[in-house]
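Only one structure is covered here, and it is reproduced in the block below.
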Amino acid sequence: MQVGFTNDQMEKFIRDNLFSDEVIDTISENMLPIESLMAYYRCAIMQVETKFKVLDEQFSLQYDRNPIETIKSRIKSMEGIIKKVRRKNVALSLEAIEAEIKDIAGVRVVCSFPEDIYLLADCFLQQDDIRLIEMKDYIKHPKESGYRSLHLIVEVPIFLENEKKMMKVEIQIRSLAMDFWASQEHKIRYKKNIPEDERERLAVELKEIAEEVAAIDGRMSEIRARINSPEYQEQVNASKRNLVFPFSGPIAREILDSIEAEEEDEEE
Ligand code: 0O2
């Protein structure tokens, strides 16, 4: 008895059946809603990115510094979506996927300092077109792995031809140091062929490193707070005066006054 097809028969079957106009039309019809949904998520990402870029620009004008180092965005891969549908037992409809998988659109905002994270999150969430769905503070409550980041699940409006649609976006806001740890840990975690006992040792070590990185982040913030404090600025100005004018007299006084006046003008 002959079982299976020869290669030629298989190719003929595929050409005659799977490549038929009917099958192509059915695939296109079913893909269209998925492609549209993914396009809406891309639009939502653009909205969120723009809002953070505007905040960064405004801080740069007002305080002469940029709190944001980088913004990275991604749409979750089909593989990632399917795995999550399986893990969370989500019903197999686009509506259910849209409602229950909240991180199909993801925006990661990396800040220079930890305190900028909450500042940016507050400014962003104050905007009246943003709806906060969920906040997970993995900075105050780090994950078991040591992972730190502030996660916001929000809904943001996108304006289509005839309708306004609210789209969910997961925003991860973290410091440079937190981002460094997360990206290194991610690379190590997904490395294949690591024996289970070694994996456990690595997890312990990575958690220790997360604590060390958090401590360094804290020290950097302390230094920044110190050098920005009025007392520190006063000390710097005083030592400048002593260095440049170790003597007194009417001419020295006049030069010193003019420097101080210039500094005050700059501050205004
Ligand atoms: P990718 O490609 O980074 O997006 P939920 O959605 O609430 O049911 P979930 O998915 O476990 O639960 O959400 P969670 O843990 O709040 O956030 C998931 C995302 O946070 C991950 O996305 C990572 O980006 C990041 N993350 C969470 N824990 C860790 C960690 O221990 N290490 C690192 N490096 N990142 C982490 P995905 O889905 O894994 O993939």
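Couple of notes before you dig in:
- Lone qualifier among 186, 151 - being within 16 Å of the ligand (Cβ to nearest atom), at pLDDT below 95 and out of contact with any Gly (no Cβ under 8 Å at 6 or more places or on another chain): 186
- On inspection, residue 129 qualifies as under 17 Å from residue 51 (Cβ atoms), more than 18 Å from the chain's Cα centre (by Cα) and of a type in the set (D, E, K, R).
- Taking the stretch 189-202 as the range and being among the acidic types (Asp, Glu) and within 15 Å of the ligand (Cβ to nearest atom) as the test, only 200 passes.
- Restricting the first member to the stretch 194-216 and to residues that are assigned by TED's automatic domain parsing to the domain that holds residue 144, and the second to residues that are hydroxyl-bearing (Ser, Thr, Tyr), the beta-carbon pairs closer than 8 Å and six or more apart or on different chains are 203/145; 206/145; 207/145; 210/145; 210/147.
- Residues in the stretch 57-96 that are assigned to a helix (DSSP H, G or I) and either in contact (Cβ under 8 Å) with a residue 40 or more places away in the chain or away from the ligand (no atom under 15 Å from the Cβ) (or both): 57, 58, 59, 60, 61, 62, 63, 94, 95.
- The set of residues in the stretch 149-203 being touching a Leu at 6+ places or on another chain (Cβ under 8 Å) and in a loop (DSSP other than H, G, I, E, B) consists of 194 alone.
- Qualifying residue in the stretch 89-101 (condition: assigned by TED's automatic domain parsing to the domain that holds residue 149, surrounded by 15 or more Cβ atoms within 10 Å (Cβ to Cβ) and within 30 Å of residue 216 (Cβ to Cβ)): no
- A single entry from 29, 49 fulfils the requirement of being free of Cβ contacts under 8 Å to residues at least 60 places away in the same chain, in the same structural domain as residue 136 (by TED's automatic domain parsing) and either surrounded by 14 or more Cβ atoms within 10 Å (Cβ to Cβ) or under 24 Å from residue 149 (Cα atoms) (or both): 49.
- Residue 136 being within 13 Å of the ligand (Cβ to nearest atom) and in a strand (DSSP E or B): yes
The values are calculated or read from the model by the stated rules, or taken from the named source; none is laboratory data. Only a predicted model underlies this, so the values are computations on that prediction, with no experimental measurement involved. Cβ atoms come from the backbone with ideal geometry, glycine included; neighbour counts cover every protein chain shown.
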